[in-house]
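Colleague: The structure under discussion is supplied below as structure tokens; questions concerning it will follow.
The values are calculated or read from the model by the stated rules, or taken from the named source; none is laboratory data. Note that this is a predicted model, so its numbers are computed, not measured. Every residue, glycine among them, receives a Cβ derived from its backbone with ideal geometry; neighbour counts consider all protein chains shown.
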Amino acid sequence: MLNKLVVENLRHRPVRTALTVLAIGLQVTMILTLVGLSRGMVQASVNRTRGIGADIMVRPAGSALIGLSSAPMSEKYLAVIEKLPHVAVATGTVIHAVGGLDTITGIDYEKFVEMSGGVRFLEGGPFRSEREVIIDDYYSRQRNLHPGDTTSLSNVEWKVAGVMESGKLARVFVPIRVLQDLTANTGKLSVIYVKADDPKNVPGLLEALKKKFPDNPIYSMEEFLSQLTVNNIPGLNAFITVIVALSVIFGFLVVFLAMYTAVLERTREIGILKALGATPGYVLNILVRETVVLALVGTFAGILFTFGTRAVIMNRYPASLTQVIVPDWWPIALAIALAAAVAGTAYPGIKAARQDAIEALAYE
Amino acid sequence: MSDPLAFSTTLQANGAEPLIAARALKKTYVVGDVDVHALRGVDLEVERAEFVAIVGPSGSGKSTLFNILGGLTPPTAGAIHIDGVDLTRLTDGERTRLRREKIGFVFQRYNLLPTLTAADNIALARTIAGNVNHDDPEFNEILDLLGISHRLHHKPRAMSGGEQQRVAIARAIVNHPAILLADEPTGNLDTENSTIVLDLLRDLNGRLGQTILMITHNPEAAAYAHRIVHMRDGRVAGGP
Ligand SMILES: Nc1ncnc2c1ncn2[C@@H]1O[C@H](COP(=O)(O)OP(=O)(O)OP(=O)(O)O)[C@@H](O)[C@H]1O
Ligand SMILES: [Mg+2]
């Protein structure tokens with residue numbers, strides 16, 4: 001009977017109920033999309049980095065584990081590394097940020113192909129002249145670019161030479177010399193990738209490199225990739241925490257307002273319940289149950305919305321953003337939505353429970 | 001004395017006391033700096049199975065008396081016993097329980113919950129009282145008596161005032177209260193519906209022995225009662 005009253009109360013004000021559910025849904029989507037994006041993008045980056053086929057990476061002295069650095073490492077390193085025993089291929093890249101989360105990567109095309117074990121072109125082919133760019137299929141889709149088109153990156157016009165299958169280090173490649181010169185990094189590299197002649201020689205090679213370049217961060221690829229998680233990306237967890245906190249406040253305010261107006265509007269009904277002998281706890285119970293229903297339905301809606309945001313992102317920004325669905329966060333999002341909603345009901349609920357019955361019955 | 005409401009049953013058993021006994025009952029509302037003396041010393045006794053009409057000018061304290069009898073508010077001074085229970089000593093929680101177990105209210109404005117059907121309004125009163133036994137033959141008889149059996153699955157807004165008031169009466173008596181308090185139950189009804197409701201109250205009193213106190217401004221309505229109590233300026237005026 002109590003549950004019937006709860007359901008009927010919610011049905012009685014369909015617009016308010018729908019809006020509250022929507023708001024809680026947005027709160028949940030905000031959290032789940034953000035977490036899904038963080039994970040998706042890290043995962044995509046891990047997969048692409050693995051796709052280069054290297055065993056070891058050498059980074060400039062003083063650079064952080066993760067993060068973009070320009071190119072402060074001399075190309076002379078590469079010449080030294082190539083001559084070390086058990087090195088099959090070594091190649092350097094230059095990474096240049098072009099706004100947002102997008103980057104362009106300068107590569108030595110021949111070496112890059114050798115290391116990654118071949119590149120599959122879906123359209124067009126390799127660079128034929130200096131001002132050319134190779135893009136992956138995601139980038140091609142996002143920007144609607146095909147071989148022969150020109151695109152402006154870093155204030156330079158590039159002609160699209162080819163569209164390759166994604167999964168090889170990055171999404172946008174240009175010839176390394178051109179990028180070095182454009183960014184005033186002539187003769188410098190951001191990262192050197194090293195491939196051993198045999199997997200069993202990797203540990204020995206790693207030791208040799210560390211001995212040779214004691215000041216440089218040098219990782220085996222597996223070690224590097226295992227470090228590449230949401231937790232290790234500077235600021236990302238703090239960012240997620242801020243968004244979660246904001247969404248809790250948002251959910252709290254929405255439910256507070258919805259329940260506050262509901263209580264005001266139902267003042268007389270609360271008086272009636274009290275005249276019938278309902279205890280304050282009974283009145284509070286009704287409102288808390290209503291809130292719990294709103295939070296449950298809202299969370300469910302929010303989870304559904306994340307499939308929507310993922311579809312939109314896949315459609316509109318396949319190259320810049322990758323969102324995964326994060327079922328392990330569903331219970332967390334539910335707990336957050338419930339906590340915010342119950343907190344939002346506390347004040348209106350207690351106000352209702354304490355309402356004087358005679359005054360409530362006299363309420364117009 | 002841990003359970004003042006339960007204590008009453010022993011008194012009820014010997015039946016020595018009237019159902020309602022009020023002595024020098026006072027209620028003062030403090031509104032800002034002003035004291036409003038709503039009741040200035042009410043003396044009243046009501047026996048079991050009586051049907052009493054309470055009449056008097058506006059502001060004479062009739063509703064205030066009902067609010068105290070019904071356990072909605074405590075008196076300021078004086079003595080009041082209902083069914084052996086001393087109302088001056090009850091806590092808020094005990095007054096809530098008094099309302100649940102011993103009192104049925106009927107209001108001028110019907111006061112049904114708008115989101116629930118008639119049947120659910122009645123069922124809610126039962127669940128609040130912890131009464132989950134749905135097969136109450138006596139209650140079905142009452143529904144027939146009230147003539148609303150066919151309207152039970154409608155929501156209040158789809159019902160006429162007379163029908164709503166009959167549902168409200170059914171809700172008030174569903175838990176077999178000791179006292180039915182009806183505050184101007186026909187105040188919003190036309191003559192025809194008033195007659196139906198008043199006949200009903202008289203039937204409930206006559207057939208089931210339901211004790212009824214009814215506030216009214218209408219002498220014809222008051223004539224349905226066994227006894228008429230006149231109130232004036234917060235006191236019971238004259239009378240037996
Ligand atoms: N909650 C309250 N706060 C302050 N004063 C009140 C309150 N309730 C009633 N009063 C005052 O107490 C007096 C008695 O009011 P009450 O409602 O009992 O009269 P009544 O006999 O029921 O009148 P009516 O016939 O108009 O319903 C009035 O002067 C009223 O203004
Ligand atoms: Mg009144």
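Colleague: Is there a residue in the stretch A:144-157 that is touching a strand residue (DSSP E or B) at 6+ places or on another chain (Cβ under 6 Å) and among the small types (Gly, Ala, Ser)?
Modeller: no
Colleague: Here's something else I'd like to know. Looking at A:ALA295, is it assigned to a helix (DSSP H, G or I) and modelled with pLDDT under 95?
Modeller: Values: assigned to a helix (DSSP H, G or I): yes; modelled with pLDDT under 95: no.
When the stated conditions are applied, A:ALA295 does not pass them.
Colleague: Hey, can you tell me all the residues within the stretch B:132-176 that are part of a loop (DSSP other than H, G, I, E, B), more than 11 Å from every other protein chain (Cβ to nearest Cβ) and either more than 19 Å from B:PHE105 (Cα to Cα) or more than 19 Å from the chain's Cα centre (by Cα) (or both)? Steps first, please.
Modeller: Initial filter on the stretch B:132-176 (part of a loop (DSSP other than H, G, I, E, B)): B:132-136, B:147-148, B:152-155, B:159-160, B:174-176.
Then keep just the ones that are more than 11 Å from every other protein chain (Cβ to nearest Cβ); that gives B:133, B:135-136, B:147-148, B:152-154, B:159-160, B:176.
Residues satisfying the conditions are B:ASN133, B:ASP135, B:ASP136, B:GLY147, B:ILE148, B:LEU152, B:HIS153, B:HIS154, B:MET159, B:SER160.
Colleague: Quick one: what pairs do we get from the stretch B:52-68, first residue within 6 Å of ligand 1 (Cβ to nearest atom), second among the hydroxyl-bearing types (Ser, Thr, Tyr), C-beta under 9 Å, 6+ apart or different chains?
Modeller: B:THR64/B:TYR29; B:THR64/B:THR73
Colleague: Still on this model: In a strand (DSSP E or B) and either among the β-branched types (Val, Ile, Thr) or more than 16 Å from ligand 1 (Cβ to nearest atom) (or both): is that true of B:ASP35 in this structure?
Modeller: Details: in a strand (DSSP E or B): yes; either among the β-branched types (Val, Ile, Thr) or more than 16 Å from ligand 1 (Cβ to nearest atom) (or both): no.
Judged against the criteria, B:ASP35 is not a match.
Colleague: Can you list residue pairs whose Cβ atoms sit under 6 Å apart, with the first residue in the stretch A:1-27 being buried (at least 20 other Cβ atoms within 10 Å of the Cβ) and the second being not in a helix (DSSP H, G or I)? Count only pairs 6 or more apart in sequence or on different chains.
Modeller: A:ASN9/B:THR115
Colleague: Kindly evaluate A:THR229 against the criterion of being closer than 28 Å to A:GLY349 by Cβ, in contact (Cβ under 8 Å) with a residue 12 or more places away in the chain and either buried (at least 17 other Cβ atoms within 10 Å of the Cβ) or not assigned by TED's automatic domain parsing to the domain that holds A:LEU205 (or both). Step through it out loud before you land on a result.
Modeller: On the way: closer than 28 Å to A:GLY349 by Cβ: no; in contact (Cβ under 8 Å) with a residue 12 or more places away in the chain: yes; either buried (at least 17 other Cβ atoms within 10 Å of the Cβ) or not assigned by TED's automatic domain parsing to the domain that holds A:LEU205 (or both): yes.
Here the answer is no, as A:THR229 does not meet what is asked.
Colleague: Pick from the stretch B:57-107 the residues that are of a type in the set (S, T, N, Q) and not in a helix (DSSP H, G or I): which of them is farthest from ligand 2 (Cβ to nearest atom)?
Modeller: The initial filter retains those residues of the stretch B:57-107 that are of a type in the set (S, T, N, Q), namely B:58, B:60, B:63-64, B:67, B:73, B:76, B:88, B:91, B:96.
Within this subset, residues satisfying the condition of being not in a helix (DSSP H, G or I) are B:58, B:60, B:73, B:76, B:91.
Numbers: B:SER58: 7, B:SER60: 9, B:THR73: 14, B:THR76: 18, B:THR91: 26 Å.
Looking at residues that are of a type in the set (S, T, N, Q) and not in a helix (DSSP H, G or I), I get B:THR91.
Colleague: For the subset of the stretch A:162-196 comprising residues that are among the small types (Gly, Ala, Ser) and touching a Phe, Trp or Tyr at 6+ places or on another chain (Cβ under 7 Å), which member is farthest from A:GLY148 (Cα to Cα)?
Modeller: Narrowing the stretch A:162-196 to residues among the small types (Gly, Ala, Ser): A:162, A:166-167, A:170, A:184, A:187, A:190, A:196.
Narrowing further to those that are touching a Phe, Trp or Tyr at 6+ places or on another chain (Cβ under 7 Å): A:162, A:166.
On the way: A:GLY162: 9, A:SER166: 19 Å.
Restricting to residues being among the small types (Gly, Ala, Ser) and touching a Phe, Trp or Tyr at 6+ places or on another chain (Cβ under 7 Å), the top hit is A:SER166.
The rows are residues; the columns are (1) within 16 Å of ligand 2 (Cβ to nearest atom); (2) acidic (Asp, Glu); (3) without any contact (Cβ under 8 Å) to a residue 60 or more places away in the chain.
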position	(1), (2), (3)
B:ARG151	no, no, yes
B:ARG157	no, no, yes
B:ALA182	yes, no, no
B:GLY187	yes, no, no
B:LEU198	no, no, yes
B:THR216	yes, no, no
B:HIS226	no, no, no
B:MET231	yes, no, no
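Colleague: Check the stretch B:183-190 and report whether any residue there is closer than 30 Å to B:SER60 by Cα and within 12 Å of chain A (Cβ to nearest Cβ). I'd like the intermediate steps shown before the answer.
Modeller: Of the residues in the stretch B:183-190, the ones closer than 30 Å to B:SER60 by Cα are B:183-190.
This time we only want the ones that are within 12 Å of chain A (Cβ to nearest Cβ), so: B:183.
So far as the stretch B:183-190 goes, yes, one or more of its residues are closer than 30 Å to B:SER60 by Cα and within 12 Å of chain A (Cβ to nearest Cβ).
Colleague: Here's a check for you: in the stretch A:242-275, which residue that is in contact with a Gly (Cβ under 9 Å, 6 or more places away or on another chain) and either outside any helix (DSSP H, G or I) or surrounded by fewer than 17 Cβ atoms within 10 Å (Cβ to Cβ) (or both) is farthest from the other protein chains (Cβ to nearest Cβ)?
Modeller: My answer is A:LEU253.
Colleague: Looking at (1) within 16 Å of ligand 2 (Cβ to nearest atom); (2) closer than 18 Å to B:ARG227 by Cα; (3) away from every other protein chain (no Cβ under 14 Å), find the lone condition where B:ILE20 falls short.
Modeller: (1)
Colleague: Moving to a separate point now. Of the residues that make up the stretch B:40-51, is at least one buried (at least 22 other Cβ atoms within 10 Å of the Cβ), within 16 Å of ligand 2 (Cβ to nearest atom) and more than 14 Å from every other protein chain (Cβ to nearest Cβ)?
Modeller: Yes, that holds for at least one residue.
Colleague: Same structure, new question: B:LEU19 is checked against (1) closer than 29 Å to A:PRO280 by Cβ; (2) hydrophobic (A, V, I, L, M, F, W, C); (3) touching a Phe, Trp or Tyr at 6+ places or on another chain (Cβ under 9 Å) and fails just one. What number does that condition carry?
Modeller: That leaves (3) as the condition not met.
Colleague: Report yes if B:GLY71 is in contact with a strand residue (DSSP E or B) (Cβ under 9 Å, 6 or more places away or on another chain) and within 8 Å of ligand 1 (Cβ to nearest atom), otherwise no.
Modeller: Values: in contact with a strand residue (DSSP E or B) (Cβ under 9 Å, 6 or more places away or on another chain): yes; within 8 Å of ligand 1 (Cβ to nearest atom): no.
Spelling it out, it is not the case that B:GLY71 is in contact with a strand residue (DSSP E or B) (Cβ under 9 Å, 6 or more places away or on another chain) and within 8 Å of ligand 1 (Cβ to nearest atom).
Colleague: Within the stretch B:97-130, take every residue that is polar (S, T, N, Q) and in contact with a His (Cβ under 9 Å, 6 or more places away or on another chain) and give me the one that is nearest to the other protein chains (Cβ to nearest Cβ).
Modeller: Going through the stretch B:97-130, the residues polar (S, T, N, Q) turn out to be B:108, B:111, B:115, B:117, B:121, B:127.
Among the residues that remain, those that are also in contact with a His (Cβ under 9 Å, 6 or more places away or on another chain) are: B:115, B:117.
Details: B:THR115: 4, B:THR117: 9 Å.
Selected residue: B:THR115.
Colleague: The conditions are (1) in a helix (DSSP H, G or I); (2) at pLDDT below 95, and B:SER2 fails exactly one of them. Which is it?
Modeller: Among (1) in a helix (DSSP H, G or I); (2) at pLDDT below 95, B:SER2 violates only (1).
Colleague: Another question, if that's okay. Go through the stretch B:182-232 and count every residue that is surrounded by 15 or more Cβ atoms within 10 Å (Cβ to Cβ), among the acidic types (Asp, Glu) and part of a loop (DSSP other than H, G, I, E, B).
Modeller: Adding up the residues that qualify gives 1.
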